[in-house]
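Presented below is the structure to which this report refers.
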Amino acid sequence: MSDSHDDLEGIRMAVEFFNTKKTSLVVHAGDIISPFTFKEFRKLGCSLRGVFGNNDGERKGLNEKFSVLDMEFRDILEMEYDNVKVCVYHGTYEEIVHALVESGRYDVVVRGHNHKAEVWRKEKTLVVNPGEVCGYLTGRKTVALLDLEDLSATIYEV
């Protein structure tokens, strides 16, 4: 998920969707905005990881609140999950997104920022932009589900 921008209704809908799907990990690609949104994210039935977005100004407050979920926001998150190498970056600078994808180091690159829900592949790297949970720019509240078995992703409207 990405770009929730303090939209509590959108966050509630996304959390309910992920819980219904019995998701094992949720990744937020930035622009949560305020620490008070924690009250909705804590209802997730799984782990949460995430990165800062360009609008996440209260970084210390976000890390303090979300630390209860054993989560620490970063600017770029590299992780391996079920033998899949994943990089998460908000997407503020397209040059960085391009470099991450072109590097060939990752099986999946997750990005946000432009609120454009899309899934595409560059050679072995799957690029996933879940769109926006807030729906402010497109009118659609979207998330993506990643299938680790066949390295595919599907965009869902919540």
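What follows is calculated from the coordinates using simple rules that are stated; it is not laboratory data. Model, not experiment: these values are computed from the prediction. Cβ: placed from backbone, ideal geometry, glycine included. Neighbour counts: every protein chain shown.
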Per-residue [θ]222 nm for the chain (sum of -39500 (n - 2.57) over DSSP H runs n ≥ 4, rounded to 500): -6000 deg cm²/dmol
So if each residue of separation counts as 0.36 nm, and I subtract the Cα-Cα distance between K22 and K116, what length gain in nm does that give? 31.3 nm
If the limit is 18 Å between Cα atoms, which of K22/K43; K21/K124; K85/K124 go over it? K21/K124
Dipole magnitude of the chain about its Cα centre (Cβ charges: Lys, Arg +1; Asp, Glu -1), debye to nearest 20: 260 debye
Distance in nm between pseudo-label sites at E80 and S47 (7 Å out along the Cβ direction from Cα): 1.3 nm
Once a ≥ b ≥ c are taken as the square roots of the eigenvalues of the Cα gyration tensor of the stretch 4-111, is the result rounded (a/c under 1.5), prolate (a/b larger than b/c) or oblate (a/b not larger than b/c)? oblate
Listed peptides 9-22, 127-140 by packing density, highest first (mean Cβ within 10 Å): 127-140, 9-22
Around T142: net Lys/Arg minus Asp/Glu count, Cβ-Cβ under 11 Å: -1
Which of rounded, prolate or oblate describes the stretch 62-158 when judged by the alpha-carbon gyration tensor and an a/c cut-off of 1.5? rounded
Below 8 Å, C-alpha to C-alpha, sequence gap of six or more: please give me the relative contact order for the stretch 99-158 in percent. 26 percent
Could you rank the peptides 99-106, 67-74 by their average count of other C-beta atoms within 10 Å per residue, with the highest value first? 99-106, 67-74
